[in-house]
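Accompanying notes for the structure given below.
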């Protein structure tokens, strides 16, 4: 039987995807393929409204690609491995559902590149460091790190972090906007799931959340006017949804809306 390197489960509308090769949860081709399968499963499950990505154990979220594996394979294999990993993270980033990275330990190298492909990043207090130290191996962050970090933090700050390979505490990462929140060490995942529930029906119109994500992710790469056109197109789709009718009606009737994700 195939070794399970990614665990997948659904709890009340939240798909929990766990990178499961502790202690470092480094990824190989096999793990990335299973990760891809889990992303697709969550994307097409109509009962899933939010994805949470985390790591097994309490030492690492993910330490990136398995260095021993990379040292033993040919340059051509390395290239195709990075290509496949990029395709998987692009799929994660473009999934029209909110994706939260629960950083339960060190998040370095390709582990941070996975987190950057998520929409929101929440760290466990005092659990580790975060950064892109690939330069110390003579390579660059090759799974979208150079592009996503620069878009998130700005070119100058991202460049300095990558060429030095410096690792930060989560407190510093919070200050510069690399992560969104730091949650308590105790019962960390319970706090994360409680946070994620605010984006589920009936409290939130999950389809609207997904369309907001699509407008931002796709519009960021377009001209301003093309982005506005995409925004109008997505808004028109939402105007035809049951949740939009419920939201507008509830406002007029001065009551809390009860969304259904439709």
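The values are calculated or read from the model by the stated rules, or taken from the named source; none is laboratory data. These numbers come from a predicted model, not from an experiment. Heads up, the Cβs are rebuilt from the backbone with ideal geometry, glycines too, and the neighbour counts pull from every protein chain shown.
Regarding residue 38, is this residue touching a helix residue (DSSP H, G or I) at 6+ places or on another chain (Cβ under 6 Å) and surrounded by 15 or more Cβ atoms within 10 Å (Cβ to Cβ)? Against the criterion (touching a helix residue (DSSP H, G or I) at 6+ places or on another chain (Cβ under 6 Å) and surrounded by 15 or more Cβ atoms within 10 Å (Cβ to Cβ)), residue 38 does not qualify.
When residues in region 128-139 are screened for being assigned to a loop (DSSP other than H, G, I, E, B) and at pLDDT below 95, 2 of them pass.
Condition check for residue 173 on (1) within 16 Å of residue 101 (Cβ to Cβ); (2) touching a residue at least 60 places away in the same chain (Cβ under 8 Å): one failure, at (2). Of the residues 161, 174, 152, 178, the single one that is modelled with pLDDT of 95 or more, part of a helix (DSSP H, G or I) and crowded, with 19+ Cβ neighbours inside 10 Å is 161.
So is residue 68 in the same structural domain as residue 21 (by TED's automatic domain parsing), closer than 25 Å to residue 166 by Cα and buried (at least 23 other Cβ atoms within 10 Å of the Cβ) or not? It is false that residue 68 is in the same structural domain as residue 21 (by TED's automatic domain parsing), closer than 25 Å to residue 166 by Cα and buried (at least 23 other Cβ atoms within 10 Å of the Cβ).
Only one of the listed residues (99, 48, 52) is at pLDDT 95 or above, closer than 23 Å to residue 206 by Cα, outside the structural domain of residue 221 (by TED's automatic domain parsing) and assigned to a loop (DSSP other than H, G, I, E, B). That residue is 48.
Report yes if some residue within region 181-191 is in a strand (DSSP E or B), surrounded by fewer than 18 Cβ atoms within 10 Å (Cβ to Cβ), assigned by TED's automatic domain parsing to the domain that holds residue 18 and touching a strand residue (DSSP E or B) at 6+ places or on another chain (Cβ under 8 Å); otherwise report no.
So in region 181-191, the residues in a strand (DSSP E or B) come out as 181-183.
Those left that are additionally surrounded by fewer than 18 Cβ atoms within 10 Å (Cβ to Cβ): 181.
This time we only want the ones that are assigned by TED's automatic domain parsing to the domain that holds residue 18, so: 181.
When the remaining residues are screened for being touching a strand residue (DSSP E or B) at 6+ places or on another chain (Cβ under 8 Å), the result is 181.
Yes, region 181-191 contains a residue that is in a strand (DSSP E or B), surrounded by fewer than 18 Cβ atoms within 10 Å (Cβ to Cβ), assigned by TED's automatic domain parsing to the domain that holds residue 18 and touching a strand residue (DSSP E or B) at 6+ places or on another chain (Cβ under 8 Å).
Would you say residue 142 is assigned to a loop (DSSP other than H, G, I, E, B) and at negative phi? Quick ask: steps written out before the conclusion?
On the way: assigned to a loop (DSSP other than H, G, I, E, B): yes; at negative phi: yes.
Yes; evaluated as a whole, the condition is true for this residue.
Applying a threshold of 6 Å to beta carbon distances and a minimum spacing of six or more residues, or different chains, the list of pairs starting in region 68-83 at a residue that is touching a residue at least 60 places away in the same chain (Cβ under 8 Å) and ending at one that is loosely packed, with under 12 Cβ neighbours inside 10 Å and not in a helix (DSSP H, G or I) is empty. The number of residues in region 215-262 being surrounded by fewer than 17 Cβ atoms within 10 Å (Cβ to Cβ) and under 21 Å from the mean Cα position of the chain (by Cα) comes to 5. Residue 75 meets the conditions (1) farther than 22 Å from residue 198 by Cβ; (2) out of contact with any strand residue (DSSP E or B) (no Cβ under 6 Å at 6 or more places or on another chain); (3) modelled with pLDDT of 95 or more; (4) surrounded by fewer than 19 Cβ atoms within 10 Å (Cβ to Cβ) in every case but one. The failed one is (3). Across region 14-35, the qualifying residues are those that are outside any strand (DSSP E or B) and in contact with a strand residue (DSSP E or B) (Cβ under 7 Å, 6 or more places away or on another chain), and the one among them that is surrounded by the fewest Cβ atoms within 10 Å (Cβ to Cβ) is 23. The condition (being part of a strand (DSSP E or B), at pLDDT 95 or above, surrounded by 17 or more Cβ atoms within 10 Å (Cβ to Cβ) and at negative phi) is satisfied by just one residue among 115, 123: 123.
In the list 12, 36, which residue meets the criterion of being more than 14 Å from the chain's Cα centre (by Cα) and in the same structural domain as residue 82 (by TED's automatic domain parsing)?
On the way: 36 fails: more than 14 Å from the chain's Cα centre (by Cα).
Among 12, 36, only 12 is more than 14 Å from the chain's Cα centre (by Cα) and in the same structural domain as residue 82 (by TED's automatic domain parsing).
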